[in-house]
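Asks: Take a look at this one; I'll ask things after.
The values are calculated or read from the model by the stated rules, or taken from the named source; none is laboratory data. No experiment lies behind these values; they were computed from the predicted model shown. Here the Cβ positions follow ideal geometry from the backbone for every residue, glycine too, while neighbour counts run over all protein chains shown.
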Amino acid sequence: MTALSTPLVPRTRRSPRNGRKWIFTIAVGLVALLVNVPLLNALLVSFKPTGEIAKNPLSLPTAPTFDHYANVLYASGYNFPQFFLNSTLIALGTVALVLLIAVPSTYAIIRLGFGGRWIINSASGLRLLPAIFFVVPFFVLFSAAGLQDTILGLIVANTFLNLPLAIILLASGLRDIPNEIEEAAAMDGASVYRTLLGIVLPMLAPTMVAVSVLVFIFTWNDYLFALVLSTSNSTPVTLGAANFVTSTGIRWGDISAASFLSTLPPLAFAVFAQRYLVSGLSAGAVKG
Amino acid sequence: MALTAGQRKKTAASVLLSLPLMAFALAFIVYPLLAGGLTAFQASTIFDQSGSFNGIQNFIALFRSDGFAKSAGFTVGFSAIVVTIEMVLGFGLALLLNRTFPGKKLFFTMILLPIMVAPALLGIMFRLLLNGDIGAVPALLHGMGLSVSLFSPSSVVPLLVVLDVLQWTPFTFLIIYAGLQSFPGELLEASAMDGAGPFRSLVHVIMPVLKPVLFAAFFLRTIDALRTFDVIYVLTAGGPGTSTTTLSIYIYKAAFESGDFGKAAAAALVVLVCLIPFVPFIVKRIASTGIEAQR
């Protein structure tokens, strides 16, 4: 992290005064606020009483209320808690299935010479192909296999979407681990499986955490496959958060509360697991 | 060649460990690829997929209707504009944050938040912000004496560009910023000693070294922009008319609104075939970025 403290563009030879530093604080602060305007606006609207939402769109809530959150969580007919549970199950299930498939196979590819470089390259290539291509065949396949509108079906679909990234990240994580320890273990007669479980997995743990965080977020955020492959039983929040349109009108307050609640899990990761996220996203992008 | 017992065990283990991946890939990657390709040449609908082969009928129908070409044009134009803006702004932002100043950690985290928000949910939030009755932006414009209908045919495309830039500049920023962190500081000191000003250092020292990272950010964003679906579908559903129909929205609608699986699969196949030639090139470009060499 030493690089953080050295300015990249050399400024004039004088050492920077404190006043100039604050200019950056203000400029970057404004950008940070600007990109979060939709989120902050939703948060504000969610605390406004229904009458106030249309009356003063620009003001802060004068009489903050938790009514919308109560509606979203407890009012009958909305099913929002069910959507939230569905999203959680789909995301956790996908993380588990992705790791279960990707960790052993990436180990076999990188360390045991299975297949070779082309599998990693195919993974990189697959990540670049448009997901929309797979929507129709998945719909047909899932209808035939009884996976349509099931949690398991969406776990499978999201595993498909996220496997390439997981394999790429795990492969680069594995290459970072020195091979000597595994070779020594093999000399001592440890089996491949014992080496993988006892030696490699603990060292690969940080990469696995990064993969888990990214896969969780991407799965939570999926919309296209949920739109096609779920109708009611497996509906996740990305689809369900807009369901607050009733015969009496659009319930903007409830929608804002639901959409804000729905972004909380990914946002929590963004704040508390930022280290993994930044390394995962940039490594996934920057390494191949 | 005779294998030793150890080698044979290793091979057996590698096959066993790869089995889950191979099984999954066969069922959910290879099979859908083939099935999708096949559907493109069949008279297949949402109700009946047992359709017979109809040669290139689907492709003829696809190119006869102007919807496909129009959505392809919109997608490419939209992507070119947003990616250009996001690259410039992301690069600028990365340079801006590449120093210490009070509040940097907090703002860095805040800038990354939009990447984590589901595009579909962000679409809903944009609706809250932009709605003519309750939105803050129309209220603000109204307060300034402007009466702009944000979703009218003339302003909807610029609007979508702004929204895309708001969400994805943080992504290009992150990639470029990560690249800057591995930048060899001596290079800059050397160029500063040679009397190069900030701008010359930027163009002649930073950009060449960062080129692989800039390429990676550019290609990843381009690929993502080309398949844009969520935000636009939630906000405009491709309208008004078909003015904001991206390729993904076109294919989705062909399949699940018109129910014509054959046509949708044909459109998807055309898109796939157009993209495939670029894939090896991009994979190579991304694989050869400087950050890997740093190890």
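Asks: For the list (1) at pLDDT 95 or above; (2) more than 10 Å from chain B (Cβ to nearest Cβ), I need the number of the one condition that A:V228 fails.
Replies: (2)
Asks: Further question: Answer with yes or no whether B:I134 is more than 9 Å from chain A (Cβ to nearest Cβ), touching a helix residue (DSSP H, G or I) at 6+ places or on another chain (Cβ under 8 Å) and modelled with pLDDT of 85 or more. Steps first, please.
Replies: Numbers: more than 9 Å from chain A (Cβ to nearest Cβ): no; touching a helix residue (DSSP H, G or I) at 6+ places or on another chain (Cβ under 8 Å): yes; modelled with pLDDT of 85 or more: yes.
No: the conditions fail for B:I134.
Asks: Count, please, the residues in the range A:10-39 that happen to be modelled with pLDDT of 90 or more, surrounded by 15 or more Cβ atoms within 10 Å (Cβ to Cβ) and assigned to a helix (DSSP H, G or I).
Replies: So the count comes out to 11.
Asks: Among the residues of the range A:132-152, is any within 7 Å of chain B (Cβ to nearest Cβ), part of a helix (DSSP H, G or I) and either of a type in the set (K, R) or under 18 Å from the mean Cα position of the chain (by Cα) (or both)?
Replies: no
Asks: For the condition under 23 Å from B:G241 (Cα atoms), in a helix (DSSP H, G or I) and at the interface with another protein chain (Cβ under 8 Å from one of its Cβ atoms), what is the one hit in B:L129, B:L96, B:L140? Give the steps one after another, and end with the answer.
Replies: On the way: B:L96 fails: under 23 Å from B:G241 (Cα atoms); B:L140 fails: under 23 Å from B:G241 (Cα atoms).
From the options B:L129, B:L96, B:L140, the qualifying one is B:L129.
Asks: Ok, one more. Consider the range B:113-126. How many of its residues are among the small types (G, A, S) and in a helix (DSSP H, G or I)? Break it down stepwise before answering.
Replies: Filtering the range B:113-126 down to residues among the small types (G, A, S) leaves B:118, B:120, B:123.
Filter once more, keeping what is in a helix (DSSP H, G or I): B:120, B:123.
The total comes to 2.
Asks: Just to confirm my filter: which helices (runs of 4 or more DSSP H) fall fully inside the range A:187-288 and include at least 2 residues that are acidic (D, E)? Don't jump to the end; show me each part of the working.
Replies: Details: elements: A:192-195, A:201-221, A:224-229, A:237-240, A:252-272, A:274-286.
Because the criterion is at least 2 residues that are acidic (D, E), no helices (runs of 4 or more DSSP H) in the range A:187-288 meet it.
Asks: Do you know which of the residues in the range A:83-118 that are surrounded by fewer than 21 Cβ atoms within 10 Å (Cβ to Cβ) and free of Cβ contacts under 8 Å to residues at least 24 places away in the same chain is farthest from A:I167 (Cα to Cα)?
Replies: A:L85
Asks: I need the full set of residues from the range B:160-213 which are more than 9 Å from chain A (Cβ to nearest Cβ) and outside any helix (DSSP H, G or I), in order please.
Replies: Result: B:P184, B:D194, B:G195.
Asks: Okay, moving on. Out of the residues in the range B:99-112 meeting the condition of being of a type outside the set (V, I, T) and not in a helix (DSSP H, G or I), tell me which one is surrounded by the fewest Cβ atoms within 10 Å (Cβ to Cβ).
Replies: Start the filter on the range B:99-112 by keeping residues that are of a type outside the set (V, I, T), which leaves B:99, B:101-108, B:110, B:112.
Narrowing the set further to residues that are not in a helix (DSSP H, G or I) leaves B:99, B:101-103.
Working: B:R99: 18, B:F101: 20, B:P102: 13, B:G103: 16.
Applying the filter and picking the extreme gives B:P102.
Asks: Answer yes if at least one residue in the range A:188-197 is farther than 27 Å from A:T88 by Cβ and among the charged types (D, E, K, R), and no otherwise.
Replies: Our first condition is that a residue be farther than 27 Å from A:T88 by Cβ; within the range A:188-197, this holds for A:188-197.
If we keep only those that are among the charged types (D, E, K, R) too, we end up with A:188, A:194.
So far as the range A:188-197 goes, yes, one or more of its residues are farther than 27 Å from A:T88 by Cβ and among the charged types (D, E, K, R).
Asks: Among the residues of the range B:115-126 satisfying the criterion of being surrounded by 22 or more Cβ atoms within 10 Å (Cβ to Cβ) and touching a residue at least 24 places away in the same chain (Cβ under 8 Å), which is nearest to the chain's Cα centre (by Cα)?
Replies: In this case the residue turns out to be B:P119.
Asks: Would you be able to tell me the number of residues in the range B:229-277 that are of a type in the set (S, T, N, Q), surrounded by fewer than 23 Cβ atoms within 10 Å (Cβ to Cβ) and touching a residue at least 60 places away in the same chain (Cβ under 8 Å)? Give the derivation first.
Replies: Step one: list which residues in the range B:229-277 are of a type in the set (S, T, N, Q), which gives B:236, B:242-246, B:248, B:258.
Adding the requirement that they be surrounded by fewer than 23 Cβ atoms within 10 Å (Cβ to Cβ) leaves B:236, B:242-243, B:258.
If we keep only those that are touching a residue at least 60 places away in the same chain (Cβ under 8 Å) as well, we get B:236, B:242-243.
Counting residues in the range B:229-277 that are of a type in the set (S, T, N, Q), surrounded by fewer than 23 Cβ atoms within 10 Å (Cβ to Cβ) and touching a residue at least 60 places away in the same chain (Cβ under 8 Å) gives 3.
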